[in-house]
1. Check the straight Cα-Cα distances from Lys49 and name the lysines below 22 Å, setting aside those fewer than 8 residues away within the same chain.
2. Please give every one of the aspartates and glutamates within straight-line cross-link reach of Lys82, meaning a C-alpha to C-alpha distance under 20 Å, and leave out same-chain neighbours fewer than 8 residues apart.
3. Can you run phi through the Karplus equation (6.51, -1.76, 1.60; θ = phi - 60°) for region 73-81 and list ³J(HN,Hα) in whole Hz, with x for Gly and Pro?
4. Once fully extended, how much extra length lies between Leu48 and Glu183, figured as 0.36 nm per residue of separation less the alpha-carbon to alpha-carbon distance?
5. Consider the candidate values [x] 66; [y] 72; [z] 58; state which one is percent of Cα pairs over 30 Å apart computed from the structure displayed.
6. Please give the helix 93-103 orientation as an angle from the longest Cα principal axis of the chain, in degrees from 0 to 90, rounded to the nearest 10.
7. Which order, highest average first, do 181-191, 295-305, 345-355, 500-510 follow once you tally other Cβ atoms within 10 Å for each residue and take the mean per peptide?
8. Specify which residue in the list Ser312, Leu336, Phe440 is farthest towards the positive end of the charge dipole of the chain, using unit charges on the beta carbon of Lys, Arg (+1) and Asp, Glu (-1), about the Cα centre.
Amino acid sequence: MIRLSEALHRNLAFWGMTLIALGLPLSTILMSVGQFVLVGNWLLEGDLKRRAKQFFTHRLSLVLVSVFFIHLIGMAWAPGLKAAWGDVQVKLPLLILPLVLFTSKLPEHKRLRQILYIFVLGTVAGSLVGLVNYLGLSTDVMVEKRHLSYFTSHIRFGMMTVFSIFILGYFLFLEWKLWPWAERIFTLIIIIWLFYFTVFLESVTAYIIFAALLALALARLVIRSHRFWIKAVAAVLLVSVAISGTVYVFNIYQNQMLDHPFNYKTLDVFTPNGRYYAHETNVLYTENGHRVWNYVCWDELKQEWPKKSHMSIEGEDLRGQNLHYTLVRYMTSVGLRKDSIGVHQLTDQDVKNIELGFTNYRYTQTWGVSRRIAQLFWEIKEYRFQNNPNNASLIQRWVYTQVGLDIIRENWAYGVGTAGLVDAYAKMYARDNRNLNPEFQLIAHNQFLAVAICLGVFGGLWFMFAFLYPLFLFWKNFLYLSLIVLTAISFLSDNTLGTQSGTTLYAFMNALLIVYSKVPKRED
């Protein structure tokens with residue numbers, strides 16, 4: 001066997017981890033190559049039997065990799081071995097990365113920290129590529145903000161931008177006095193940019209994660225700081241953020257639920273051109289307090305819209321929504337009647353907004369946070385009035401959860417087997433489609449629920465235990481605690497371990513932060 005020096009083994013481990021850290025926000029190929037480098041280096045170190053025995057007799061190691069093995073066992077009653085094997089392959093990082101990182105010769109503490117910085121660097125690079133595309137500097141046409149995440153899922157990229165903010169913030173606070181001013185200012189600029197990009201990305205999951213980690217950081221300062229002024233400032237900020245956030249969301253809710261009073265008996269029956277208005281007395285939708293389906297004259301809309309736009313009123317806008325529906329909602333938000341005069345009062349910018357799929361003029365003028373929260377309240381109204389969950393991400397997740405719970409009730413002991421999620425949902429939709437159109441009949445967007453469906457209630461409980469167990473050992477480590485909070489929120493809103501990037505993000509960061517907390521700080 002080839003014998004390499006200890007220094008070379010440590011360098012190979014460093015470059016393998018570097019490739020993974022860069023690949024997480026930028027490239028699945030880099031992630032894969034990085035893991036191959038780590039595995040190859042691990043094999044070349046030799047003494048495999050002793051190191052494997054050391055790993056598989058350690059309680060923490062066994063708990064972590066048990067998540068992989070329960071999915072492997074679940075293949076025994078899986079509906080299809082090919083799909084099950086594919087799912088197990090996706091989850092291989094849950095086994096490989098802890099095994100390799102816990103039993104390899106690793107770089108010193110300082111270089112492990114550099115890997116975290118490299119991850120941040122890759123995230124910044126990914127955000128800049130997304131911005132270039134959004135501004136139209138590339139050949140791609142981008143309508144939805146979620147496509148700002150060019151290389152991976154917008155939910156996962158939002159997780160990475162938020163985690164990068166707190167990685168930098170943690171080290172900046174920890175070593176403020178040790179860093180030169182230029183380094184401090186540069187770090188602050190990156191934090192501000194990543195915060196702005198996170199807001200711009202319009203990922204509700206990222207917003208929730210940011211709020212949770214900010215509350216965690218401030219609460220930690222209140223509890224653990226030895227300086228009174230830091231405790232006081234953190235406490236004031238924590239209370240202020242909580243109150244202002246609540247007021248902020250409540251104001252958006254009030255605007256969404258606003259309904260200007262009117263009397264149907266006094267509504268105009270005819271347009272100025274003598275055509276009939278339609279007034280839907282039983283449809284309660286509003287935009288900025290105005291009833292959407294009052295003062296609608298379809299004949300005049302169909303006649304006048306082509307004079308404003310080349311896009312057919314009977315077609316779709318650039319978001320794939322029915323354009324006539326977007327037009328009516330947008331005109332309502334401006335306070336216009338839906339007739340020929342109203343159409344002519346639309347500015348060129350209004351027309352462009354409608355073509356882009358904006359249903360409310362305020363959605364074009366506010367930061368992503370306000371727009372996304374307002375859209376969530378609209379989804380709730382639509383579901384409440386018409387029991388229509390289609391094209392509504394929040395409501396669809398609720399419906400998927402309800403369907404998933406029904407599946408668990410019928411398969412509570414062993415579940416439906418590894419990778420049996422799709423088949424189980426398809427069978428349930430065949431019995432009751434829950435008013436979902438075929439294109440929206442998807443699986444659970446919840447990792448805890450997905451595991452319970454596949455492996456039963458006991459498998460789901462074990463998964464939760466394996467996920468939380470390391471927290472009891474490393475809860476004092478702020479970055480590790482942040483990772484667990486971040487991952488838990490992502491598990492509640494997405495099937496994170498169902499993709500290579502999601503599995504690698506959790507498995508790599510989990511193992512990296514554990515070894516980072518254990519490696520002596522000789523070089524620091």
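Every number here is computed from the coordinates shown, using simple stated rules; none is lab data. A quick note: this is a predicted structure, and the numbers were derived from the prediction, not measured. Note that each Cβ is placed from the backbone with ideal geometry, even for glycine, and that neighbours are counted across all protein chains shown.
1. Lys105
2. Here the aspartates and glutamates satisfying the reach criterion relative to Lys82 are Asp423.
3. Karplus-based 3J(HN,Hα) across region 73-81 equals 5, x, 5, 4, 10, 5, x, x, 5 Hz.
4. Values: separation 135, 0.36 × 135 = 48.60 nm, distance 4.26 nm.
44.3 nm is the gain from fully extending Leu48 to Glu183.
5. [z]
6. 30
7. On the way: 181-191: 13.0, 295-305: 18.5, 345-355: 16.3, 500-510: 23.9.
Ranked by mean Cβ neighbours within 10 Å, highest first: 500-510, 295-305, 345-355, 181-191.
8. In the chain, that residue is Phe440.
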